Every structure is written in C-alpha cells, then in structure tokens.
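What follows is one structure encoded as structure tokens, with my remarks underneath.
Computed from the coordinates by the stated procedures, all read-outs in this text should not be read as laboratory data. Quick caveat, the model's predicted, so the values are computed rather than measured. Cβ sites come from the backbone with ideal geometry, for glycine too, and all protein chains shown count toward neighbours.
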Amino acid sequence: MTIYQPQITWYMSASHRVTGGILAAVFYGGAIAYAIQGPLGLGLNSDALVAEIATLPTSLKLIGKFSLAFPFVYHSFNGVRHLIWDTGNALTLKGVYTTGYTVLGLSTISTLGLCLI
Amino acid sequence: MSLLALSKNSSFFRVSRHVLEITTCNTRFLTTTPSQKAQTVASASAGSNANKDPLVKTFSIYRWNPDKPAEKPHLQQYQVDLNACGPMVLDALIKIKNEQDATLTFRRSCREGICGSCAMNISGTNTLACLAKIDRDASNTKLYPLPHMYVVKDLVPDLTHFYKQYKSIEPFLKKETKPKAGEREHYQSIADRKKLDGLYECILCACCSTSCPSYWWNSDEYLGPAVLLQAYRWMIDSRDDYAKQRREALQNPFSVYRCHTIMNCTKTCPKGLNPGRAIAMIKKEMALE
C-alpha cells in the first residue's frame, strides 16, 4: 500500500469510506448524545447550542462548518457517482476520471457555499 | 556469374542489381554475405552510440533472498546507461543481470507483452516490464514485485493462489448436451462473438488483481478482477449453457461483492482491458436474477 502510486481511483474510494465513517460517527454520536442527555444533563436543545456557538470566534465557526460540510457533500456526490456506476454507465477510464473530477469540483464549490451562508 | 556481393540493404549495389536481373532472367541471384552486412549494421549502431553521452539513471530494485531469510528485503541501486540499453524496463533488467548482478531474479519470456510473465510494480504502477518504457527524465526508477503477494525471490511473486482462483471459476465451455454425430462447430453469431471482445484478450498477468485494495485485504476469499473478468467471459459466451450456475456460484458476500468499484484494475491493465466494467456487469446480471 505504501508503494502504490497515488491515483484518483483508489484515493477517492478511500476518501468515500473515510467520509462515510466521519458522517456515521457524527450522526450516531449526535443522536445518542441527544437521547441520553437526561441523566447526563447535557442540555442539547437548539437554543442552548445556538447561543454557545455564537460565542465562538469566527475562525472556529468556519473550521466547524467546513469539517461538517465537506465530508457530507463529498460523500453525497461520490455516492451519486457510485449509483451511476451501478447502472453500468461511466465505467471506462475516461468516465471514471471525468466523473471523479466533477465530484471533486462540485464538492469544493458546495462546501464553500455552505461555509459562507 | 561473377560473385558480386548483393547486399539487399546496400543502396550502392541496388542499381547494378536491377541491371543484372534483367540480363540473367533464367538464373536466380541469391548471394548473401552476412559478414559484410553484419559489419555495416554494427558500425551503424556503434556510430549512433558514440555520438551520445552516456545517460546514466538509477534503478532501485526490491531484493530478497529466500536462502538467507533473516536478511530483510531491501532496495538495491543499479546504475544503467540508457543510451546503451533498449527502451523498455525489461531491457534494463536483462542488462543489469548480464553485466552487473547475475543473482537478480525475475520472470520473463516473450518480451512483447503477450505472455504476462514480467508483471511487476514499476514506479508505483503494475504493468509488464517488457511494455513499460523507461522514463528518461526520472532520475530513479523503482521496481517492486506485485503488491501484497508472497515473494518467492526478488521480483518473483507466488501466483499459486491466483491460479487456483482462476481454476475455481471453471474457465472452459460447458454444454448441457453432447454434440450430435457429425456436428463439429458450436455456431455463434457475429454479434455474440463481439461480446467477447475486451474479455478474451486477458493474459492473466495478475497486474489488475494485485492493484486492487480489496484483493490486498481479502485475497483468500475475493476472486479479484482478473478471475472475475474471465468468469464474465464465460458467462456471456453464447455457446456456454451454464451461465445461471456460474452466477449462482458467486452468490456469497466475498467472491464478487468485495468489489467496491475502486477501478484501480482498469487503470493499470497493460492490455487496455476493463475488468471493473466486467465486474459491474456481473453484479447487474446477478441483481436482476
């Protein structure tokens, strides 16, 4: 694994798995934390959370938004790419690279968009 | 007839040869003077060599000796003058073995990209050494055996399991009924024969399977792109009657479904085939059953 040439093929596939893991951790973690907050006294309601985050410096807010937005967007667009592959389309080298670059481009633009709102 | 040296390639004699052919129509001129021809060829190549400065590049080659198993595998560096060497990586390997280190071990046979013996990892990608042009701009070329394979020696991988997997998909024609007496051919339309294009040309070099991360992690159960390409080749052969059974044999979580469409296989195939697509077609057919 350490000697194999970095290529879009397997790097994007690895990223798909990693972002999937991150999203799973965030969603499961968030849901479980919300479910068991009673005895733990976490106070995870929308008002408290909004108030907390509003006090953070802008840089931290941007980092937070980016680290949530990019995995979500990348995994979603690459997921669509996988679904296209399941129909049997874009399975040539050209198709793989074209759709790959499209996904990377769309992910970057969408992340920027989501970070700025 | 006077014994003129009629070297076919020599332009000096071309005019006189035509004249002689007209005048001696009953006899056939067939004189070969190999020594003279060899001289001209040798001087031509020596001449072109003398004009170029030696272009010395480094080859870092993976070495491991099973006779000394305690010694760790390591990269050994060799210097090769590319201007005194053929253009392909295999030429450099043979040159090193002939001139520098006779213990360097690698598989090779046809030197033209059809036997699949010289498959190895060259500068990070799996290809055939006889088809991989030496990168004249890179200062160093790294040669490793095929990734995640047991190494027999130096660049020679152990392909026993790979061949066993190939055998397991029954890569031969299977008919329901025996042929009738007198019937010799299995007829196939041109359209059906076209379906096999891009599948039958596989030379089983194992470049694709050993480029697949899924095959790295699950080579014991996952069949890998090369074997699955051949499985598909037999599945869609119109002359074969056992397509359904072939698909049923793959209905388990590992044989086919470890493929996650990483597509390293198609990228690396030295023959330009598309195993990734073949596997996707297998999945489609299995899903629609």
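For peptide B:211-217, what's the mean number of Cβ atoms from other chains within 10 Å of each residue's Cβ?
Values: counts 5, 2, 7, 2, 0, 2, 1.
Counting Cβ atoms of other protein chains within 10 Å of each residue's Cβ and averaging gives 3.
Under 12 Å between alpha carbons, and skipping anything fewer than 8 positions from B:K174 in its own chain: which aspartates and glutamates qualify?
The reachable aspartates and glutamates, counting only those whose Cα sits under 12 Å from B:K174, are B:D237, B:D240, B:D241.
Assuming a ≥ b ≥ c are the square roots of the Cα gyration tensor eigenvalues, decide whether segment A:8-115 counts as rounded (a/c under 1.5), prolate (otherwise, with a/b larger than b/c) or oblate.
Since a/c reaches 1.5 and a/b is larger than b/c, the shape of segment A:8-115 is classed as prolate.
Quick check: net charge around A:S107, other residues with Cβ under 15 Å of its Cβ, Lys/Arg +1 and Asp/Glu -1?
Working: positive: A:K65, A:R81; negative: none.
Computed value for this residue: +2.
Does segment A:37-80 classify as rounded, prolate or oblate by the C-alpha gyration tensor (a ≥ b ≥ c root eigenvalues; a/c under 1.5 gives rounded; else a/b over b/c gives prolate, otherwise oblate)? Kindly include the intermediate steps, with their values, before the conclusion.
Details: a/c = 3.66, a/b = 1.56, b/c = 2.34.
Because a/c hits 1.5 or more and a/b fails to exceed b/c, segment A:37-80 counts as oblate.
What FRET efficiency would be calculated for the residue pair B:R247, A:L83, taking the C-beta separation as r and a Förster radius of 30 Å, to the nearest 0.05? Mind dumping the intermediate values first?
Values: r = 22 Å, r/R0 = 0.74.
Computed FRET efficiency for B:R247 and A:L83: 0.85.
Only loop residues by DSSP count here, and only those with at most 13 other Cβ atoms within 10 Å; note down the trypsin sites (Lys or Arg not before Pro) in segment B:136-237 that meet that. List each step's numbers first, then the result.
Details: sites: B:R136, B:K142, B:K153, B:K164, B:K167, B:K174, B:K175, B:K180, B:R184, B:R193, B:K194, B:K195, B:R233; in loops: B:R136, B:K174, B:K175, B:K180, B:R184, B:K195.
Here the sparse-neighbourhood loop sites are B:R136, B:K175, B:K180, B:R184.
Assuming R0 = 25 Å, what is the FRET efficiency of A:K65 and A:Y11, from their Cβ-Cβ distance, to the nearest 0.05?
Values: r = 24 Å, r/R0 = 0.97.
Calculated value: 0.55.
If you stretched the chain out fully between B:D135 and B:K180, how much longer would it get, using 0.36 nm times the residue separation minus the C-alpha to C-alpha distance? Let's see the in-between values first.
Numbers: separation 45, 0.36 × 45 = 16.20 nm, distance 5.70 nm.
Extra length from B:D135 to B:K180 when fully extended: 10.5 nm.
Based on other C-beta atoms within 10 Å, arrange B:S109, A:S110, B:S214 from fewest to most.
Numbers: B:S109 11, A:S110 17, B:S214 22.
Listing B:S109, A:S110, B:S214 from fewest to most nearby Cβ atoms yields B:S109, A:S110, B:S214.
Pull out a ≥ b ≥ c, the square roots of the eigenvalues of the alpha-carbon gyration tensor of segment B:134-235, then state rounded if a/c is under 1.5, prolate if not and a/b is larger than b/c, and oblate in the remaining case. If you can, show how the numbers build up before the last one.
On the way: a/c = 2.98, a/b = 1.99, b/c = 1.50.
Prolate is the answer for segment B:134-235, as a/c is 1.5 or above and a/b outweighs b/c.
If you keep only loop residues by DSSP, which chymotrypsin sites (Phe, Trp or Tyr not before Pro) in segment B:144-182 have at most 15 other Cβ atoms within 10 Å of their Cβ?
Working: sites: B:Y150, B:F162, B:Y163, B:Y166, B:F172; in loops: B:Y150, B:F172.
Sparse-neighbourhood loop chymotrypsin sites (Phe, Trp or Tyr not before Pro): B:Y150, B:F172.
If all Cα-Cα distances of the protein assembly as shown are sorted into 10 Å bins from 0 onward, what percent lands in each bin, rounded to whole numbers?
4, 15, 19, 18, 17, 13, 8, 3, 1, 1, 1, 0
Going by how many other Cβ atoms sit within 10 Å of their own, how do A:I36, B:I94, A:I84 line up, fewest first?
By the 10 Å Cβ count, ascending, the order reads A:I36, A:I84, B:I94.
Using just the helices of chain A, give the 222 nm mean residue ellipticity in deg cm²/dmol: DSSP H runs with n ≥ 4 each add -39,500 (n - 2.57), and the total is spread over all residues, rounded to 500.
Values: 5 runs with 94 residues, N = 117.
Taking each H run of at least 4 residues, the total per residue is -27500 deg cm²/dmol.
Can you give me the distance in nm between label points at A:T102 and B:K72, each placed 7 Å from the Cα along the Cα-to-Cβ direction?
Label at A:T102, label at B:K72, 4.7 nm between them.
Which of B:C110, A:C115, B:C212 comes first, and how do the rest follow, when ranked by fewest Cβ neighbours within 10 Å? Walk me through the numbers before you get to the answer.
Details: B:C110 13, A:C115 16, B:C212 31.
Fewest-to-most ranking of B:C110, A:C115, B:C212: B:C110, A:C115, B:C212.
Please enumerate, by chain and number, the lysines with C-alpha under 21 Å from the C-alpha of B:K167, excluding those fewer than 8 residues away in the same chain.
B:K175, B:K244, B:K283
Please tell me which of these pairs span more than 21 angstrom C-alpha to C-alpha: A:K94/B:K164; B:K133/B:K267; B:K52/B:K142; B:K57/B:K133?
On the way: A:K94/B:K164 33 Å; B:K133/B:K267 17 Å; B:K52/B:K142 25 Å; B:K57/B:K133 13 Å.
From the list (A:K94/B:K164; B:K133/B:K267; B:K52/B:K142; B:K57/B:K133), the Cα-Cα distance tops 21 Å for A:K94/B:K164; B:K52/B:K142.
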